[in-house]
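The values are calculated or read from the model by the stated rules, or taken from the named source; none is laboratory data. What you see is a predicted model; the values in this text were computed from it and never measured. Counting neighbours? That spans all protein chains shown, and the Cβs are built from the backbone with ideal geometry, glycine included.
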Amino acid sequence: MRKESIAIPAVLKVGKGTLSGLGKYLKEAGFEQVVIYFGNGLIDLFGFKVMESLKESGISLLEYRELDTVDIDDIISLALELPNRTQAVVSIGGGKVIDAGKYAAFLKNLPFISVPTSSSSDGFSSASASLTVHGRRNSMPAKLAYGIVVDTEVIRTAPEKFIYSGIGDMLSKITAIYDWIYETECGCGELNDFAVMIAKKAVNSFVRTPYDNIQDEVFLKELVDSLAMSGIANEIAGSSAPTSGSEHLISHALDKFLDEPQLHGIQVGIATYLMSRVQEHRYVRINKVLTDTGFWKYTASLGMRKDDFIKAIDMAPSVKPHRHTYLHEEKYRNKAKELVLTDPVLDKVLV
């Protein structure tokens, strides 16, 4: 069934110094009483700047605290404890606090303001939350953020691994779209041409951005803008199909059995190159971006294992049995496993 309407962020501020304008943006959106959740250790880093911004704009901060949990039972309790006067929930930090705040706001039907402090994935703009349910990570439905505020100066100060993770997650839209098209050709699911267009525009804009360094203002802004557009593509499609395909299934499988998985976008980036080789689609461009940005150099230092990727490939179809990506067919799983062992690029990255 096609969606009759879609949500888009009413507030979208991406640029240098935007964190200092948070109060102004909230005021302009009509919010006067908010709750803020910070990622672990971030009150000391950004608390004063945020409090000053709210004070200057006459915003009442009903409650603020640091969060370091994505357990669904904890988030349900968090939602129930929200003050009745709360007009919006704001999360400032990485994936954990973004997902926690997003789901708490969803449970209370409140607007959610996403303020990511790293560019590690498109989670800050997605309509889902990655939570722990009975000890296992699961993707739970939520709402697209009402507002997104990204300070590129803050993003720049995060460790480079988070930028690499964002690069990997952004490139995955190439293989994800190809999977979605293939899926519909196999008679499974329905393609939304507008969602495909938005996702394609997002990734193509990113890969064509000129830059000297991945910490350049123009590069970081383009990365964040493109990740935000990816969330909107999902909203249009009513699913994650435009931005999450076989490459994500590999990463999710790795998460299930590795004691210490790598960052989501790191795993996804490697799997994106692998699946682009399987699909025989744009792998030259993907390899060039991963080489030029330093992604391959970084991932080669992690000691990730070929055997783990082979195991994850076999597990991939069971992660989302209702999908029909390339990896849902045995011949393509076999091709992927062969490439893990024989591809010269992957041979330098995986041990």
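What the table shows:
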{"quantity": "Residue within segment 266-281 that is touching a residue at least 60 places away in the same chain (Cβ under 8 Å), farther than 23 Å from P159 by Cβ, in the same structural domain as Y164 (by TED's automatic domain parsing) and of a type in the set (D, E, K, R) present", "calculated": "yes"}
{"quantity": "Residue check, S276 surrounded by fewer than 24 Cβ atoms within 10 Å (Cβ to Cβ), under 23 Å from Y332 (Cβ atoms) and not hydrophobic (A, V, I, L, M, F, W, C)", "calculated": "yes"}
{"quantity": "Condition check for V97: touching a helix residue (DSSP H, G or I) at 6+ places or on another chain (Cβ under 6 Å) and closer than 25 Å to I155 by Cα", "calculated": "no"}
{"quantity": "E56 under 22 Å from A158 (Cβ atoms), at pLDDT 95 or above, surrounded by fewer than 22 Cβ atoms within 10 Å (Cβ to Cβ) and acidic (D, E)", "calculated": "no"}
{"quantity": "Filter result for I75 (within 25 Å of the chain's Cα centre (by Cα) and not in a helix (DSSP H, G or I))", "calculated": "no"}
{"quantity": "Residue check for A88: modelled with pLDDT under 95, out of contact with any helix residue (DSSP H, G or I) (no Cβ under 6 Å at 6 or more places or on another chain) and among the aliphatic types (A, V, I, L, M)", "calculated": "no"}
{"quantity": "Hits in segment 154-196 - residues which are among the β-branched types (V, I, T), closer than 18 Å to R282 by Cβ and over 14 Å from the mean Cα position of the chain (by Cα)", "calculated": "I174, T175, I177, I181, V196"}
{"quantity": "Condition broken by V11, with the remaining ones in (1) touching a residue at least 24 places away in the same chain (Cβ under 8 Å); (2) within 23 Å of the chain's Cα centre (by Cα); (3) closer than 22 Å to T132 by Cβ satisfied", "calculated": "(3)"}
{"quantity": "Boolean, S239 is free of Cβ contacts under 8 Å to residues at least 12 places away in the same chain and more than 27 Å from T117 (Cβ to Cβ)", "calculated": "yes"}
{"quantity": "Counted residues, segment 254-291 - those being outside any loop (DSSP other than H, G, I, E, B), at pLDDT 95 or above and farther than 17 Å from S120 by Cβ", "calculated": "14"}
{"quantity": "From S251, S244, S239, S230, residue being among the polar types (S, T, N, Q), surrounded by fewer than 20 Cβ atoms within 10 Å (Cβ to Cβ) and on the phi < 0 side of the Ramachandran plot", "calculated": "S239"}
{"quantity": "Single residue of segment 168-192 satisfying the filter (among the acidic types (D, E) and exposed (fewer than 15 other Cβ atoms within 10 Å of the Cβ)) that is farthest from D122 (Cα to Cα)", "calculated": "E185"}
{"quantity": "Every residue from segment 51-72 that is under 23 Å from the mean Cα position of the chain (by Cα) and either in a helix (DSSP H, G or I) or among the aromatic types (F, W, Y) (or both)", "calculated": "I72"}
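Residue by residue, here is whether (1) surrounded by fewer than 23 Cβ atoms within 10 Å (Cβ to Cβ); (2) of a type in the set (K, R); (3) touching a residue at least 12 places away in the same chain (Cβ under 8 Å) holds:
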site: R85; (1), (2), (3): yes, yes, yes
site: V89; (1), (2), (3): no, no, yes
site: V97; (1), (2), (3): no, no, yes
site: A105; (1), (2), (3): no, no, yes
site: L110; (1), (2), (3): yes, no, yes
site: T117; (1), (2), (3): no, no, yes
site: S120; (1), (2), (3): no, no, yes
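Each row is one residue, and each column tells you yes or no for (1) more than 17 Å from S251 (Cβ to Cβ); (2) in the same structural domain as T272 (by TED's automatic domain parsing); (3) at pLDDT 95 or above.
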site	(1), (2), (3)
P141	yes, no, no
S165	no, yes, yes
D169	no, yes, yes
T175	no, yes, yes
E185	yes, yes, yes
